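K.L.:
Provided herewith is a single structure, encoded as structure tokens, for subsequent inquiry.
The values are calculated or read from the model by the stated rules, or taken from the named source; none is laboratory data. Everything numeric in this text was worked out from a predicted model, so none of it was measured. Neighbour counts run over all protein chains shown; Cβ positions are idealised from the backbone, glycine included.
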């Protein structure tokens, strides 16, 4: 059974029909044009593009395992920490509650993880199942090939260093 992503719906922002597009004051046109030219310098935009491109690449490489890269990453984290509480898993992976719940539900529906009530009945605990471990084993050689190809394009050592800095800064800010 393939693990598929649930469709998402986004609410459309209400815009008044009579609203005209905002126009900058005349003196700001040159300044705004200069900012527009700096778009490729934006850290946020570059990280988003990198995430989309690399994610699509890993998704393609992992197709034979019937897992998406995000699902493998979460399955990997569960395996490393199991049994793991939802809250700890979300904090460790920097995943918001909605995304975490949706992805765990997909993994559970595919029979790759189990979710049980913890000792504290308010807490849910996640573990990999035998089927999840088998799928993980199928995915890892595919992941190894993806890593080797990614390393040919990006310096994975430098990427790891940047990721550590970002995680450390995020934890310090929390």
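K.L.:
Can you tell me which of 45, 77, 20, 37 is at pLDDT below 95 and surrounded by 10 or more Cβ atoms within 10 Å (Cβ to Cβ)?
P.N.:
Criteria check complete, one pass: 45.
K.L.:
Residue check: is residue 148 assigned to a helix (DSSP H, G or I), out of contact with any strand residue (DSSP E or B) (no Cβ under 9 Å at 6 or more places or on another chain) and surrounded by fewer than 13 Cβ atoms within 10 Å (Cβ to Cβ)?
P.N.:
Yes: the conditions hold for residue 148.
K.L.:
Go through (1) surrounded by fewer than 16 Cβ atoms within 10 Å (Cβ to Cβ); (2) in contact (Cβ under 8 Å) with a residue 12 or more places away in the chain one by one and return the number of the condition residue 98 breaks.
P.N.:
With (1) surrounded by fewer than 16 Cβ atoms within 10 Å (Cβ to Cβ); (2) in contact (Cβ under 8 Å) with a residue 12 or more places away in the chain applied to residue 98, the lone miss is (2).
K.L.:
Please go through the stretch 60-104 and give me each residue that is closer than 15 Å to residue 138 by Cβ and assigned to a helix (DSSP H, G or I), ordered by number.
P.N.:
61, 62, 63, 64, 65, 69, 71, 72, 75, 76, 79
K.L.:
In addition: Quick one: would you say residue 119 is modelled with pLDDT under 95 and either at positive phi or in contact with a strand residue (DSSP E or B) (Cβ under 9 Å, 6 or more places away or on another chain) (or both)?
P.N.:
Considered against the rule, which asks whether it is modelled with pLDDT under 95 and either at positive phi or in contact with a strand residue (DSSP E or B) (Cβ under 9 Å, 6 or more places away or on another chain) (or both), residue 119 comes out as yes.
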